[in-house]
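Everything on this sheet refers to the single structure shown next.
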Amino acid sequence: MSFLDQIKQRRTIYAIGKNVNLSEAEVEQTIQDAVRFSPSAFNSQTSRVVILFGDAHEKFWTIVRETLRKMVPAEAFEGTNNKINSFAAGFGTALFYEDQAVVKSLQEQFALYADNFPVWSEHSTGIAQFAAWTALAEKNIGASLQHYNPIVDAETAEAFDIPENWKLRAQLVFGSIEASAGDKTFMDDAERFKTFK
């Protein structure tokens, strides 16, 4: 399968389950390799990932649910609860962080580019997230990228002993594909691309 075919295969899959044909160790290795070989500005390697399986995976989504319960009106909570249940039904979750200590160190070392390092850090995490998501899709594991940060940051950091300098950027929840993604629509190419010769 070509790289472009792999990109096309990667979709947002919401209906996920625990029936993954790989071991936890194989999934962990897939995510680690994808992140390890993802590029970063100045080879800064700012991306950090916490991979959750089993009880830890369930614990994270319980944190999200109970945090949202305090924020969402009771009469509207059923839909929110169902959504969180669909994530908890998955095989695992990868929490994507960016190490702010590395970003700060680079800002100090290269003052001319200081304002750019936080932006480049965001580029790095986006690339790492995409790489891990695509690598999982290539192994027939469905996933969706969620963003419950920053409302769950403090409790998640306490629950999983996250260093203070790590900033949560996204949550990639993954599992067996229980229902395929719908058709993907695209905007007109003329509105999106320009080519000059």
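Annotations
- Residues of segment 7-46 satisfying the condition of being of a type outside the set (A, V, I, L, M, F, W, C), open to solvent by 40 Å² or more (accessible area, probe 1.4 Å) and not in a loop (DSSP other than H, G, I, E, B): Lys8, Gln9, Thr12, Glu24, Glu26, Glu28, Gln29, Gln32, Asp33, Arg36, Asn43
- Top-ranked residue of segment 57-85 - restricted to ones that are closer than 23 Å to Thr12 by Cβ and in contact with a strand residue (DSSP E or B) (Cβ under 9 Å, 6 or more places away or on another chain), ranked as surrounded by the fewest Cβ atoms within 10 Å (Cβ to Cβ): Glu58
- A count restricted to segment 152-181 and to residues that are surrounded by 14 or more Cβ atoms within 10 Å (Cβ to Cβ), within 23 Å of Leu136 (Cα to Cα) and not acidic (Asp, Glu) stands at 11.
- Close pairs (7 angstrom Cβ cut-off, 6 or more residues apart or separate chains): farther than 12 Å from Asn140 by Cβ in segment 3-28, modelled with pLDDT of 95 or more and β-branched (Val, Ile, Thr) anywhere: Ile7/Thr134; Glu28/Ile51
- Unmet requirement for Met1, which otherwise passes all of (1) surrounded by fewer than 18 Cβ atoms within 10 Å (Cβ to Cβ); (2) not in a loop (DSSP other than H, G, I, E, B): (2)
- Taking the criterion of being part of a loop (DSSP other than H, G, I, E, B) and modelled with pLDDT of 95 or more, the residues of segment 157-180 that qualify are Phe160, Asp161, Ile162, Pro163, Glu164, Asn165, Glu178, Ala179.
- If you go through segment 146-197 and keep only what is free of Cβ contacts under 8 Å to residues at least 40 places away in the same chain and within 19 Å of Ile31 (Cα to Cα), you end up with just His147.
- Of all residues assigned to segment 137-151, none qualifies as being in contact with a Ser or Thr (Cβ under 6 Å, 6 or more places away or on another chain), open to solvent by 10 Å² or more (accessible area, probe 1.4 Å), at pLDDT 95 or above and over 23 Å from Glu58 (Cβ atoms).
- For segment 86-124, a residue qualifies if it is buried (at least 20 other Cβ atoms within 10 Å of the Cβ), of a type outside the set (S, T, N, Q) and out of contact with any helix residue (DSSP H, G or I) (no Cβ under 6 Å at 6 or more places or on another chain), and the qualifying residues are Gly90, Phe91, Leu95, Tyr97, Val102.
The values are calculated or read from the model by the stated rules, or taken from the named source; none is laboratory data. Just so it is clear, the structure is predicted and the values come from calculations on it, not from any experiment. Note: ideal-geometry Cβ built from the backbone for every residue, glycine included; neighbour counts use all protein chains shown. Surface accessibility is based on the protein's heavy atoms, side chains included, excluding ligands, DNA and RNA. Shrake-Rupley method; radii C 1.70, N 1.55, O 1.52, S 1.80 Å.
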